[in-house]
1. With the checklist (1) out of contact with any Phe, Trp or Tyr (no Cβ under 9 Å at 6 or more places or on another chain); (2) within 16 Å of Ser135 (Cβ to Cβ); (3) small (Gly, Ala, Ser) in hand, flag the one item Ala188 doesn't pass.
2. Which one of Pro172, Pro164, Pro152 is more than 30 Å from Gly94 (Cβ to Cβ), surrounded by fewer than 11 Cβ atoms within 10 Å (Cβ to Cβ) and out of contact with any Phe, Trp or Tyr (no Cβ under 7 Å at 6 or more places or on another chain)?
3. Of all residues in segment 101-135, which are open to solvent by less than 60 Å² (accessible area, probe 1.4 Å), more than 30 Å from Leu200 (Cα to Cα), in a loop (DSSP other than H, G, I, E, B) and among the hydrophobic types (A, V, I, L, M, F, W, C)?
4. Kindly evaluate Lys80 against the criterion of being modelled with pLDDT of 90 or more and either of a type in the set (A, V, I, L, M) or open to solvent by 90 Å² or more (accessible area, probe 1.4 Å) (or both).
5. In segment 144-190, what count of residues is obtained for those that are within 14 Å of Ala202 (Cα to Cα) and among the polar types (S, T, N, Q)?
6. Among helices (runs of 4 or more DSSP H) lying entirely in segment 136-208, which contain 2 or more residues that are small (Gly, Ala, Ser)?
Amino acid sequence: MILANLDADAYRHPDWTQVVATGGYMHGLVQEVAADHAAVKVGTKTAVLKPEDWKWTQFPTADSFLRSGDLVYVKIESLKEDGTVHALLEQDSGAQASMMAMDNENGEVLAMVGGRDYALSQFNRATQAQRQVGSSFKPYVYTTAVEAGAKPSDIIVDGPTSFPTPNGPYTPHNYEGDYKGAMTLLNAFAESRNIPALKLAARVGSRR
């Protein structure tokens, strides 16, 4: 929910270019609020929310947390014969994500998701975002180590270390900020510890 104080007559949300359909998620503009209901504009239709539709918020009445002009996020439950919509109030986190599924044998893209709502953002996070690889490189490090003869039971020390670079020493840290000492490669991989992975990469060789 966004306390936006928007003009109900002039406001048009990008979601409203979509067809209002059962099972869909859309933004709506609160038009009318009473204790036992809230009328929400969703495109050309009106959704009426009842207490059971916002029960998860733990607010007993609509007017205790909603005002006319607020922007809310709803799930369309059903379309009624009188033209109104039954909807559930949802929480819009604003979080975005991406996904790319490929066939490893031929590189064919099987599925791609660039975000959660194209009407809100046309930025394709699967192809346009420049993200750091993070821990996704670790399986390659451990696979290379195993191919070089390492065993899951081999011991590696998760402790402070530095690596020489042309710009001076590089001193990495674990995400948690602590060290666990001697541990097996299996446990280091399972816990995604940074220091063991970097030590292993330095041991088996890594190319820039």
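1. Going through the list (1) out of contact with any Phe, Trp or Tyr (no Cβ under 9 Å at 6 or more places or on another chain); (2) within 16 Å of Ser135 (Cβ to Cβ); (3) small (Gly, Ala, Ser), Ala188 breaks only (1).
2. On the way: Pro172 fails: surrounded by fewer than 11 Cβ atoms within 10 Å (Cβ to Cβ); Pro152 fails: surrounded by fewer than 11 Cβ atoms within 10 Å (Cβ to Cβ).
When all the criteria are applied, what remains is Pro164.
3. Scanning segment 101-135 gives a single hit, Ala119.
4. On the way: modelled with pLDDT of 90 or more: no; either of a type in the set (A, V, I, L, M) or open to solvent by 90 Å² or more (accessible area, probe 1.4 Å) (or both): yes.
Spelling it out, it is not the case that Lys80 is modelled with pLDDT of 90 or more and either of a type in the set (A, V, I, L, M) or open to solvent by 90 Å² or more (accessible area, probe 1.4 Å) (or both).
5. Adding up the residues that qualify gives 5.
6. Details: elements: 138-147, 185-190, 194-204.
Filter on segment 136-208 gives 185-190, 194-204.
The values are calculated or read from the model by the stated rules, or taken from the named source; none is laboratory data. Quick caveat, the model's predicted, so the values are computed rather than measured. Quick reminder, even Gly has a Cβ in these numbers, built from the backbone with ideal geometry, and neighbours come from all protein chains shown. Side chains included, ligands, DNA and RNA excluded: accessible areas come from the protein's heavy atoms. Shrake-Rupley method; radii C 1.70, N 1.55, O 1.52, S 1.80 Å.
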